[in-house]
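These notes are about the structure you will find just below.
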Amino acid sequence: MKNSIKVKLLAAILFLGSTIGVNGQKAFETDTISTPAGNIEITFIGHASLQFKYQDRYYYIDPVMQLADYSLLPKADVILVTHDHGDHLDPVAIEKLSKPETEIFLPQLCFDKLKKGKVCDNGKFFIANGVPVETVAAYNIYNLRGNGKPYHARNEGNGYVLTFGPLRIYVAGDTEITPEMTKLKQIDIAFLPIGLPYTMEPQRAVEAAKILQLKILYPYHFNNSNPDELFRTLLGSPIDVRIRSMK
């Protein structure tokens, strides 16, 4: 019965692409996903920064002022930070988005810099303003700095799986394919990074999408990589590749 409901849900997913601008803010692309539990509106702010609106609550991932003036955007009910690099953790953006009841979840290194929020390690589960969230380890295995150290070390960064009603969305953070990623189940939509040398190359993201058996793939954190490669490779497959402004 549960699988039958899942199939009917995915058949009902509707994407409506649009752009929004607020008080002179640049226009951001948005997709609206229609589910029986309510619409999920995804706003693609850029690079690794996302906004999800669900049941009149706002969930932000890695807000950074370089990409937007967050004082012009709706206040956050939840902020999730993947790791402590400057293109993901920005105290000013978090301050602009915060209200007294805003919930902030982040790894230990981010907490050490921000001095507030709730520390969540890899492999944890919590409820973020009504939405179940799982943390997934995000790190490098093959892509290393010149000194042999990974760009992102194990146990320092998170990916997040957010469950909006019956839909599970995985925001992977800066990572390659890891054993922890391959164990994820029932992921409907994923944001996978393809920015070399810091994350994975497009072909590895294709492999990850197939392992996860995705319905929808959003490549993000492009850097200089070409997301069209994913589209061409997966053309004709059951995986719908949706390229948005996430360089």
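What follows is calculated from the coordinates using simple rules that are stated; it is not laboratory data. Worth saying up front: this structure is predicted, and the values here are computed from it rather than measured. All Cβ positions, glycine included, derive from the backbone under ideal geometry; neighbour counts span all protein chains shown.
Table for the structure above
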| quantity | calculated |
| --- | --- |
| Most mobile listed residue (Thr163, Thr32, Thr233) in the chain, GNM with C-alpha springs under 10 Å | Thr233 |
| The chain - share of DSSP beta bridges that are antiparallel (%, nearest 5) | 65 percent |
| Centroid-to-centroid separation of the range 198-223 and the range 121-173 [C-alpha atoms, Å] | 14 Å |
| Loop trypsin sites (Lys or Arg not before Pro), the range 62-136, which have at most 15 other Cβ atoms in a 10 Å radius of their Cβ (DSSP) | Lys75, Lys115, Lys116, Lys124 |
| Least to most buried among Ile189, Ile40 (fewest other Cβ within 10 Å first) | Ile40, Ile189 |
| Hypothetical label at Ile141: residues of the range 166-188 whose amide nitrogen lies under 18 Å (7 Å Cα-Cβ projection) | 172-185 |
| Alpha-carbon Rg/Rh ratio, for the chain, with Rh computed the Kirkwood way | 0.93 |
| MRE, 222 nm, helices only [DSSP H, n ≥ 4, -39500 (n - 2.57), over the chain, to nearest 500] | -5000 deg cm²/dmol |
| Residue exposure sequence - Leu234, Leu212 - by fewest surrounding Cβ within 10 Å | Leu234, Leu212 |
| Unit Cα scatterers, Debye sum, the range 137-204: log10 I(q)/I(0) for q = 0.12, 0.22, 0.28 Å⁻¹ | -0.31, -0.90, -1.28 |
